[in-house]
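Beneath this line is the structure, given in structure tokens, with notes to follow.
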Amino acid sequence: VSTQAISDVVFIFISASEAGTSQHNIYIKTAQICGCERKGDMAESNVKVLGTWASPFVMRVKIALHLKSVRYEDVEEDLLAPKSELLLKSNPVYKKIPVFFHAHNPICESLIILQYIDEVWTTSASSILPSDPYERSQSRFWAAYVDDKFFPALRRLLIGATEEDKKAALAEVVEGTVVLEGAFGELSKGKAFFGGDNIGFVDIALGSLLGWIEVIGKQCETKLVSEAKTPRLVQWADCFSAHEAVKDVLPDVDKLADFGLKLRAKILKALAPTN
Amino acid sequence: MSDEIILLDFWSSPFAMRVRIALAEKGIEYEAREEDLSNKSSLLLKMNPVHKQIPVLIHKGRPVCESLIIVQYIDEVWSHKSPLLPSHPYHRANARFWADFVDKKIYPTGKLVWGATGEVQEAAKKELIESMKVLEGELGDKPYFGGESFGFTDVALIPFYTWFYSLETCGDFSIIANCPNLVAWAKRCMQRESVSKSLPDQYKVYCFLMELKKKFEAK
């Protein structure tokens, strides 16, 4: 075994440790390189995400963990199948994904999980919420806007049964993008992200919806985030999607579109009145 | 320095009550300005253009909106006294989760119990009792949701106490029969001056809500 191979391995582990937290251990795997199979993955055994590739709320959690260089176990829940035992047990109140596990403690609600991750993994250079209380309140306000106003309108556009429903929802979504364009101006202070130089709480909250925004837009034959009305958001969307912590998390749009049709059918069936 | 902090307020708003309680817990002096919600002030519209709602906390000329966000802001700025959020991240997440549950499951459903009629009201009543029992489960044997000390979740929920008379009268059910521990918790909170001075009388709130209900029905 060459000394180069050994130093490569040591380099990888040291970099991961510097980038991440005190919980990363430095494994000197000389023995393994020499003979045995490589040990499995380096995921912290006590960090787990129960979710699905298609859920923007789950994407938020993964982006945050990538930002903090925290390795985790990814447990996939099938949204088209009945809910798993693990889900029902770990989130008995809402029975929804994502559920984040840290040292066997479950934490629910994506924005709450994000704040938890930010508060636990503090040694990383990437802070998700700003440190100033006023700026924190602004970040929380806009993330809440995404969840309480923007996302429900987007959802109504996805599942809108009649032309009238869709038209009303579309107007609301477009209005929402204009409001968010204004918020971007206010929060970014001329930088690339809502969080400034790096992605933050609002970037993650809104950016996680980009895949669905594109899918739903294609279905309506409209660009929901348009150059005409929201030029800064268009640019931001490109920067966000290309970010190291994000690019492997955002799903393939065609795959998502296909899933969207199946999910829409399932939701409409559940909402339909029974005879 | 009381003109440094202004609260755009409304006497019967449970969300405004949360902010009043948090400010009182911290011993902060402020100017409360009562809004006429049928004729919103230009200050309100300027400070909260997105939602146009109270409460709004104006601190050094800058607005903070959304009651739970305001309470967290107050807790972070005046961090040296009466902390409302616990220090451990897991307990903080838990406190936020339950405050969020109150926002999602308690107030909107409660509104339908005093505000709606017929099937809608009946369904809301069942859901509300269920949600209140879930909260009781979370409270358990603890004096407060936060444990030994009055905290974030307590602040989020206690204004709901002002609706008890309205809920029981309109919904025709007994809260104490269904959730005795929650009633005991509410009375415990009311022994705190920050709470008792921030919450209006239940009957006064009932009269106000019934006026509102007439307006909804007219529309």
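What follows is calculated from the coordinates using simple rules that are stated; it is not laboratory data. These numbers come from a predicted model, not from an experiment. Cβ coordinates were reconstructed from backbone atoms using ideal geometry, including for glycine residues, and neighbour counts include every protein chain displayed.
Mind checking region B:1-66 for trypsin sites (Lys or Arg not before Pro) that DSSP puts in a loop (not H, G, I, E or B) and that have at most 14 other Cβ atoms within 10 Å? Taking region B:1-66 and a limit of 14 other Cβ atoms within 10 Å, the loop trypsin sites (Lys or Arg not before Pro) found are B:Lys52, B:Lys60.
The residue among B:Tyr144, B:Ser194, B:Phe173 whose Cα reaches farthest toward the positive pole of the charge dipole of region B:89-218, with charges on the beta-carbon of Lys, Arg, Asp and Glu, is B:Ser194. Taking every alpha-carbon pair under 8 Å whose residues sit at least 6 apart, chain B reaches a relative contact order of 21 percent. Here B:Lys219 is the anchor, and the lysines within straight C-alpha reach of less than 22 Å, apart from those fewer than 8 places off in the same chain, are B:Lys40, B:Lys52, B:Lys111.
In a DSSP loop and with at most 15 other Cβ atoms within 10 Å, the GluC sites (Glu not before Pro) in region A:186-231 are A:Glu221, A:Glu227.
What you get for region A:133-271, charging only the Cβ of Lys and Arg (+1) and of Asp and Glu (-1), is a dipole of about 340 debye around the Cα centre.
About its Cα centre, the dipole of the protein assembly as shown is roughly 540 debye, where the only charges are +1 on Lys and Arg Cβ and -1 on Asp and Glu Cβ.
Taking label points 7 Å from Cα along the Cα-to-Cβ direction, B:Gln202 and B:Asp141 give a separation of 2.8 nm. Rounded to the nearest 0.05, the FRET efficiency derived from the C-beta distance between A:Lys255 and B:Leu212 at R0 = 60 Å is 0.80.
Averaging the sequence gap over all C-alpha pairs within less than 8 Å and six or more residues apart, then dividing by the number of residues, gives region B:5-78 a relative contact order of 39 percent. Under 23 Å of direct C-alpha separation, and excluding same-chain neighbours fewer than eight residues apart, A:Lys95 reaches these lysines: A:Lys48, A:Lys62, A:Lys83, A:Lys149, A:Lys262, A:Lys266, A:Lys269, B:Lys104, B:Lys105, B:Lys125, B:Lys126, B:Lys133. Label-to-label distance, A:Lys83 versus A:Lys167, with points set 7 angstrom from Cα along the beta-carbon direction: 3.7 nm. With 0.36 nm allotted per residue and the present C-alpha distance subtracted, the B:Lys187-B:Glu4 stretch has 62.6 nm of extension available. Distance between the pseudo-spin-label points of A:Ser127 and A:Glu227 (7 Å out from Cα toward the beta carbon): 3.7 nm. The trypsin sites (Lys or Arg not before Pro) of region B:174-214 that meet both conditions, a loop assignment by DSSP and at most 15 other Cβ atoms within 10 Å of the site Cβ, are B:Lys197.
Evaluated with a Cβ-only charge set (Lys, Arg +1; Asp, Glu -1), region A:47-120 carries a dipole of roughly 60 debye about its Cα centre, given to the nearest 20.
In summary, the lysines within cross-link reach of B:Lys60, defined as a Cα separation below 19 angstrom excluding same-chain residues under 8 places away, comprise B:Lys26, B:Lys46.
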